[in-house]
1. What are the pairs, 6+ residues apart or on separate chains, where a residue within the stretch A:112-125 that is over 17 Å from A:LEU88 (Cα atoms) and assigned by TED's automatic domain parsing to the domain that holds A:LEU86 has its Cβ under 9 Å from a residue that is of a type in the set (Val, Ile, Thr) and part of a helix (DSSP H, G or I)?
2. Restricting attention to the stretch A:105-114, which residues are among the hydrophobic types (A, V, I, L, M, F, W, C) and more than 8 Å from chain B (Cβ to nearest Cβ)?
3. Report, by residue number, each residue of the stretch A:23-32 that is surrounded by 11 or more Cβ atoms within 10 Å (Cβ to Cβ) and in a helix (DSSP H, G or I).
4. On the given criteria, is B:ALA430 farther than 17 Å from A:VAL45 by Cβ, part of a helix (DSSP H, G or I) and modelled with pLDDT under 90?
5. Residues to consider are B:ASP465, B:ASP494; find the one that is among the charged types (D, E, K, R) and not in a helix (DSSP H, G or I).
6. Do you know which of the residues in the stretch B:94-132 that are among the hydroxyl-bearing types (Ser, Thr, Tyr) and within 20 Å of B:VAL375 (Cβ to Cβ) is farthest from the chain's Cα centre (by Cα)?
7. When residues of the stretch B:260-280 are filtered for being in contact (Cβ under 8 Å) with a residue 60 or more places away in the chain and under 15 Å from the mean Cα position of the chain (by Cα), how many remain?
8. Within the stretch A:115-154, take every residue that is β-branched (Val, Ile, Thr), more than 11 Å from chain B (Cβ to nearest Cβ) and touching a helix residue (DSSP H, G or I) at 6+ places or on another chain (Cβ under 9 Å) and give me the one that is surrounded by the most Cβ atoms within 10 Å (Cβ to Cβ).
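The values are calculated or read from the model by the stated rules, or taken from the named source; none is laboratory data. Being a predicted model, the structure only gives us computed values, none of them experimental. Note: ideal-geometry Cβ built from the backbone for every residue, glycine included; neighbour counts use all protein chains shown.
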Amino acid sequence: MLNRELIGPSLFLVLFTLYALVAWQIPLMPFEEYESVTSATLPKVYAVFGIVVCVLSIGANLLKQAPAEKADLLSKGNLLRTFALLVLMVAYSAMLEPFGFLIATSAFLITGFFIMGERRKAVLLFASVPVAVVFWFLMTQVLGIYLVPGNLWS
Amino acid sequence: MLDGIMLGLSTVLDWNNLLYVIVGCFVGTFIGMLPGLGPITAIALMIPITYSIGADSGMILMAGVYYGAIFGGSTSSILINAPGVAGTVASSFDGYPLAKQGKAGKALAIAAYSSFIGGTIGAILLMVAAPLLAKVSLSFQSPDYVVLMFLGLTAIAAFSNKGQFLKAMMMTVFGLMLATVGIDPSSGTERFTFGQADLLDGISFLLVAMATFALAEALINVARPEAEPDKKIDDPDTPKIGSTKLTKEEVKDMAPVVGRSSLLGFIVGVLPGAGATIASFMAYATERNLAPKALKDKFGKGSMRGLAAPESANNAACTGSFVPLLTLGIPGSGTTAIMLGALIAYGIQPGPMLMQENPSVFWAVIVSMYFGNIVLLILNLPLIPYFAKVLAMPKSVLTVMILFFSLIGVYLVSFNTFDLFMMVGFALVALVLRLLAFPMAPLLLGFILGDMIERNFRRAMMISDGSLSFLWDRPLTLSIFVISILVLLFPLKDYIVQRRKEKAATQAEQHA
């Protein structure tokens, strides 16, 4: 199995290689033809340097006689909860403009508290809707900042 | 200098700015206390607010949040042995044992007074050092900037945790790469936009800062809750605050410790890449070595010297880290990197010209540090028992609130939901990288310095007619370049020593 210390450098190696491929295809403007530094120069330098660092890191890890690694204490439940929060953030970003700030935020906060294991109805309700309303009031009525009311009904 | 101080005073004494100092210190203390949330997160959360209040007030607010967060971090270190900030880890070595002995109030008072003195000495040194360095740096040219930024990037990687040098370098390169996304300002060429119009302007600094610090920190506390303290402030085992009074003898004993540690902290803070964490550990180790035998044994078991040293050093280092930021425009740490990004967003170019072009920002930040330290001492110390209640806030509520404020903070600046999607993507990447023990600060530093490096590099190459000779043409450039290379090779020395030790150990085992 791939050593945990090798996962990161390997991922970066793939990323930096892909970056290098795109960097070598950056279209140059006609006037850049005879310039010593073009739009592609530093991206190419970064890509090469990045790949060298990744290879060094992978090599050092392979050479190192590392002691048996301590298993990371990540439980499936916590990972699922983290993933659920990420999905919730995507959903909030998608809901914000069609449903408007108030509804999207209240729904985000209630669902977020629920995902985090909060089951008390009072907390679910009073730490969400009033927060959204007070924030909306502060932004729109006090500071005069526009907050989207919802494209679906405005 | 006197004119500058007067200008700074008049800016800070504006009631709006005084309010920002107080609010900054309060919010910083509040966030800094929460285990897992540090000054970078606290400042990142404040950035959207600072965009609407102008550069002077914004910087004053952020500086207040910075020392507030460090101060708040020491409170959770002392009370529940859970440092909210890496810079206050050393404070828990003796702070928590003191609290367990029923001297929590005393420990908090030592932390507050030491922080105050460390911060004030730091502010005085900053007031002297910054204008001097700014004058010297006026002679800096593009090649000097290129190598200086190179030094900043290598130093933050070299000073990262042991064994993390290559990881920090990868993160630096990743940050530099992110900075190349968008239209190249020099030629107008589109780079890495993949036809996406939202990427033409590049990736927003606020988005990267919020995603990699605020969001990633909140998410990692969910993914790895074991990192949390096993105590809560409402836990009956948690020490009570008690009296905050110090005796004359105690003050006399700690005074030289605080003085030495403040000076050491400031010097370490000025060095790029070092910062409050290294300063506090160095001060702790120095004081333990200097202490007489009887007192040395007390270190780690509730020594007042052991608490005063890191506390004064970390605050002085925070102030010291403003020297390269204000005079050279080069941040020495993740926190000052965020401030640099904010300054650029205000349309202010930090660097040697800052003192001339925007003297009010330059001096207001320095003078506000005095006020910040006074606010922390006068207002925050008596309020500690009430502030400490924040540690009892349910994590379920707190985490979701941080996610909400981060998302809405970015949305309120761009009003573009594409940024929110991108931010979640970055948070996911940052989360995975943090789980794989990659440091985040080098990424942010690389991202912020990327654009400046490219502009100065082009200019330097143009001046030297396309030759790299600009690296050795001037003694100043060459000196900084040599230092950068030495800093880059510094971790190699550790590696070789380690390998030799391992080899010797293996040989000894074989002999046995």
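1. Matching pairs, first to second residue: A:VAL123/B:VAL397; A:LEU125/A:ILE110.
2. Initial filter on the stretch A:105-114 (among the hydrophobic types (A, V, I, L, M, F, W, C)): A:107-110, A:113-114.
Result: A:ALA107, A:ILE110, A:PHE114.
3. A:ALA23, A:GLU32
4. It is false that B:ALA430 is farther than 17 Å from A:VAL45 by Cβ, part of a helix (DSSP H, G or I) and modelled with pLDDT under 90.
5. Details: B:ASP494 fails: not in a helix (DSSP H, G or I).
It is B:ASP465.
6. We begin by selecting, within the stretch B:94-132, every residue among the hydroxyl-bearing types (Ser, Thr, Tyr); these are B:96, B:113-115, B:120.
Restricting the remaining residues to those that are within 20 Å of B:VAL375 (Cβ to Cβ) gives B:113-115, B:120.
Working: B:TYR113: 21, B:SER114: 19, B:SER115: 16, B:THR120: 18 Å.
In this case the residue turns out to be B:TYR113.
7. First pass over the stretch B:260-280, keeping only residues in contact (Cβ under 8 Å) with a residue 60 or more places away in the chain: B:261-263, B:265-266, B:269-280.
Subsequent filtering for residues that are under 15 Å from the mean Cα position of the chain (by Cα) retains B:265-266, B:269-280.
Selection size over the stretch B:260-280: 14.
8. First, pick out the residues of the stretch A:115-154 that are β-branched (Val, Ile, Thr): A:115, A:123, A:129, A:131, A:133-134, A:140, A:142, A:145, A:148.
Retained after the next criterion (residues that are more than 11 Å from chain B (Cβ to nearest Cβ)): A:129, A:133-134, A:140, A:142.
Narrowing further to those that are touching a helix residue (DSSP H, G or I) at 6+ places or on another chain (Cβ under 9 Å): A:129, A:133, A:140.
Numbers: A:VAL129: 16, A:VAL133: 13, A:THR140: 14.
If we take residues in the stretch A:115-154 being β-branched (Val, Ile, Thr), more than 11 Å from chain B (Cβ to nearest Cβ) and touching a helix residue (DSSP H, G or I) at 6+ places or on another chain (Cβ under 9 Å), then A:VAL129 is surrounded by the most Cβ atoms within 10 Å (Cβ to Cβ).
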